[in-house]
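Scroll down for the structure; my scribbles are underneath it.
Computed from the coordinates by the stated procedures, all read-outs in this text should not be read as laboratory data. Because the structure is a prediction, the values reported are computed rather than measured. Reconstructed Cβ throughout: ideal geometry from the backbone, glycine too, with neighbour counts over all protein chains shown.
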Amino acid sequence: MVTLSSDTRPIIGRGPPLGARFFFLAVLSITVMVMDHRGGYLDTARLWMSAVLHPLNVIVDAPHSLWDWLTGSFADRARLREENAELSEALRIARTKLLQHESLVEENRRLRELRKASQGIGDRTLIAEILHVTVDTFRHRVRINKGADDAVYESQPVLDTFGVVGQVARLDKFTSQVILISDAEHATPVQVNRNGIRTIAMGTGSLATLSLPFMTAESDIRVGDLLVSSGLDGIFPAGYPVATVTKVERSSADTFATVEAKPLAQLDRDREVLLLWPSTPADSPAAQSNAPNAADKAPAEKSPVNNPSTESSSVESSVPTQTGRRSDAELPN
Amino acid sequence: MVSDGRIGSLRVTISVALALIFAIVQLPDAIEPARPELLLLLVIYWSLSAPRLAGLTFAWLCGLAVDLLAGPILGQHAIAFLLVAFLTHKFQLRMRIFPIWHQTLTVFMLLALYEFLVFWIDGIIGPAITSWMRWLPVFTSALLWPVLVAVLDTLNRRRR
């Protein structure tokens, strides 16, 4: 039989009684929870406390970084040459595609000025690395190696080279948590690229599936349609690819069709992601109605979307409440 | 055991740091949901074997660290850790003389209480994860308890 080693000294009569200490700390925890959840009053405190724990993240990620560095340093020559050839090929193709980009950007800017539209092109980006650290076993969150010190802000859009990855959910000093678009608590306002129908794509908790619950049975959507961000939430700028529709099921008995989509971003394979600073804040209703209250501390949540009658009106009505805080960190380009 | 000496606190600190690392290191997907709550087991262990060193504040700080690294809000795991530590301290004198299977059963119940409290707070702040898999750590942690006690007791005896 194994028994615990014993500490025979009395524990009675030292300091306040156990119950009192428990009560005090419990009240403190509840206060902390309410303050953190309701108003984000503890953001600064959290920044510093997380900075203290940052070495743990570094230690856990270190073997992977080391491995990356080793494979990078000792890659053999043939592979490097091959990779180089591939990359220059890819670059050539991209250059050709970009030939007209400049003039198109200029044209776009002129047209938008004419329309007094607020969206701009030419957002600032920063590459961030996903740390090999578990944030939450059951939720789709990852930790990236850029934080408040890199001017990252809460609910900042995160992309990869294929599409929208998610948004910054919680900010620490040197790292931040990103909630993926596939998380069950995340909703992304999207529009069908082909015809501009607006709707909301919700995470399902599975990496390969988003669900579009607010498409009526009559709406014009097909398998293979590209969904791009609509920009209505004031978080994701308009026009970034989000997902492709993989399943449309209409039954005459139901008002809404069952629509599923597959995220374009490589949510499970990414090692590097892009943080995006939109160049002009979307002048959407979201940007104005922005009291930093409790609900929008968490990224675009499902709850505000209540019982819409058609998909377009649902988007319109839900957007003012469904938003994260706009950044104060509006950075010069 | 030199529980209030410098060696004792050093030992506790190192074990807590290792447990925190274990809490965030990536495991294969298959066993990820069953990750044992090593830090909580350590808090119980140190509360039993070095109660003056590992008091309620210690447990609370451990919980706060978990919140910072992995929790949705601050204070959630802190209060759950606090409750477990409180009960452990309350029944400390009895738990220490329990036979190991009895002790494991008690720890199992503490773990279940802990998971329930975390689950409850999850439900208050947003849609909670209702998958049955979130209860797996209760079982794996309880199974780990006798092993942990054996290892740590051996280490502590040798160092004494």
Pairs, first within 8 Å of chain A (Cβ to nearest Cβ) and in a helix (DSSP H, G or I) in the stretch B:74-86, second buried (at least 24 other Cβ atoms within 10 Å of the Cβ) and among the acidic types (D, E), C-beta under 8 Å, six or more apart: B:Q76/B:D67; B:A78/B:D67
Residue tally, condition surrounded by 10 or more Cβ atoms within 10 Å (Cβ to Cβ) and either of a type in the set (S, T, N, Q) or touching a strand residue (DSSP E or B) at 6+ places or on another chain (Cβ under 6 Å) (or both), over the stretch A:72-87: 1
Selection within the stretch A:172-186 - surrounded by 24 or more Cβ atoms within 10 Å (Cβ to Cβ) and of a type in the set (G, A, S): A:S176, A:S182
Lone unmet requirement of (1) small (G, A, S); (2) facing another protein chain (nearest Cβ under 10 Å); (3) loosely packed, with under 15 Cβ neighbours inside 10 Å for B:A59: (3)
Lone qualifier among B:L41, B:L64 - being at the interface with another protein chain (Cβ under 10 Å from one of its Cβ atoms), closer than 16 Å to B:A17 by Cα and assigned to a helix (DSSP H, G or I): B:L64
Members of the stretch A:121-147 found to be farther than 30 Å from A:E106 by Cβ, over 15 Å from the mean Cα position of the chain (by Cα) and more than 14 Å from chain B (Cβ to nearest Cβ), listed by number: none
Residue that is in contact with an Asp or Glu (Cβ under 9 Å, 6 or more places away or on another chain) and either among the charged types (D, E, K, R) or surrounded by fewer than 23 Cβ atoms within 10 Å (Cβ to Cβ) (or both), where the choices are B:L27, B:L68, B:L38: B:L68
Of residues in the stretch B:20-39 being among the small types (G, A, S) and in contact (Cβ under 8 Å) with a residue 24 or more places away in the chain, the one nearest to B:A54 (Cα to Cα): B:A23
Qualifying strands (runs of 3 or more DSSP E) (wholly inside the stretch A:84-201; at least 1 residues being among the β-branched types (V, I, T) and over 15 Å from A:D268 (Cα atoms)): A:124-129, A:164-171, A:187-192
Pairs with Cβ under 7 Å, 6+ apart, first in the stretch B:89-105 and more than 9 Å from chain A (Cβ to nearest Cβ), second not polar (S, T, N, Q): B:T104/B:A142; B:T104/B:W145; B:T104/B:P146
Candidates B:P33, B:P51 - the one that is facing chain A (nearest Cβ under 7 Å) and closer than 21 Å to B:R96 by Cβ: B:P51
Single condition A:Y41 does not satisfy, out of (1) of a type outside the set (D, E, K, R); (2) within 18 Å of B:D67 (Cβ to Cβ); (3) over 24 Å from the mean Cα position of the chain (by Cα): (3)
